[in-house]
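The values are calculated or read from the model by the stated rules, or taken from the named source; none is laboratory data. Model, not experiment: these values are computed from the prediction. In this analysis, Cβ positions are derived from the backbone assuming ideal geometry, glycine residues included, and neighbour counts consider all displayed protein chains.
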Amino acid sequence: MNIILLGAPGAGKGTQATRIEEHYNVRHISTGDIFRHHMRQQTEIGQLARSYIKKGLLVPDEVTLRIVGIALEESKNENFMLDGFPRNINQATELDKIARIDKVINIAVDFDVLMNRICGRRNCPECGYTTHVSQLGGEGTCPKCGSEMQQRMDDREDTVKSRLTVYTEQTAPLIEFYKAQGKLFEVDGMGTPDEVFAEVRKVLG
Ligand code: AP5
Ligand code: MG
């Protein structure tokens, strides 16, 4: 089964993706994670992506479609889960030409909680563990591996505002796009991560 996780920035796509990947036999493909990998490696794609990501804007489709094409080619014989892609109608139309999608899960969260979730997010650069600063209990270190937790460069308030505007204008229309294809499943993303995952499991079986 091939899945798309839709949802606004901070809706919990990455959080659910980790649980889905552990529970179901799917390969997690996150365009945001791929771009961040390129930025760390200081590749040409990384340099280009950084100039858009730091402003909260979408990386141009031509580049995004290229990295997704490579990721899908690598997971040719596996089921996959796309997180953060597609993000506009053009990306979704192009995706339909190269892959079969079975289910699209839209994680719905009220806009007023997104800012708090995103600005409070901390990531471990070593093991990838992600949590909210309120869960760290005053410690700045990763509870899994002890490394110093970091904040994403696009998780500051002004950048988050542009990300939310981009989401409303370009990404939210995908809900209707996939509804029209009969593939959309809505999940309430306002509960705890485990409660949200229980809803996701009802969709995925
Ligand atoms: P990307 O990395 O995809 O970011 P995003 O879509 O903005 O989403 P986030 O990763 O911020 O949120 P999430 O939904 O994964 O939430 P999370 O689980 O971490 O993209 C970054 C940038 O890359 C884009 O802005 C763009 O520039 C570029 N890009 C990426 N894809 C692109 C594409 N297709 N085309 C063009 N450009 C692209 O959770 C957030 C926080 O909330 C965490 O602290 C978490 O602990 C907490 N949390 C999660 N679930 C819950 C819950 N149920 N209750 C309470 N807290 C929770
Ligand atoms: Mg994410």
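List of remarks:
- In segment 82-111, the residue that is farthest from the chain's Cα centre (by Cα) out of those that are part of a strand (DSSP E or B) and closer than 28 Å to Glu62 by Cβ is Lys103.
- The number of residues in segment 1-55 being of a type in the set (Phe, Trp, Tyr) and within 13 Å of ligand 2 (Cβ to nearest atom) comes to 1.
- Any hit, segment 42-58, residues being within 11 Å of ligand 1 (Cβ to nearest atom), at positive phi and not in a helix (DSSP H, G or I): yes
- Any chance Ile70 is over 27 Å from Asp158 (Cα atoms), more than 16 Å from the chain's Cα centre (by Cα) and either among the β-branched types (Val, Ile, Thr) or assigned to a loop (DSSP other than H, G, I, E, B) (or both): yes
- Residue match in segment 175-183 (condition: free of Cβ contacts under 8 Å to residues at least 12 places away in the same chain and among the acidic types (Asp, Glu)): yes
- Selection over segment 112-149 of residues that are farther than 21 Å from Ile20 by Cβ and either in contact with a helix residue (DSSP H, G or I) (Cβ under 7 Å, 6 or more places away or on another chain) or in a loop (DSSP other than H, G, I, E, B) (or both) gives a count of 17.
- Residue count for segment 185-205, restricted to those that are modelled with pLDDT of 95 or more, more than 17 Å from the chain's Cα centre (by Cα) and either among the hydroxyl-bearing types (Ser, Thr, Tyr) or farther than 12 Å from Arg19 by Cβ (or both): 4
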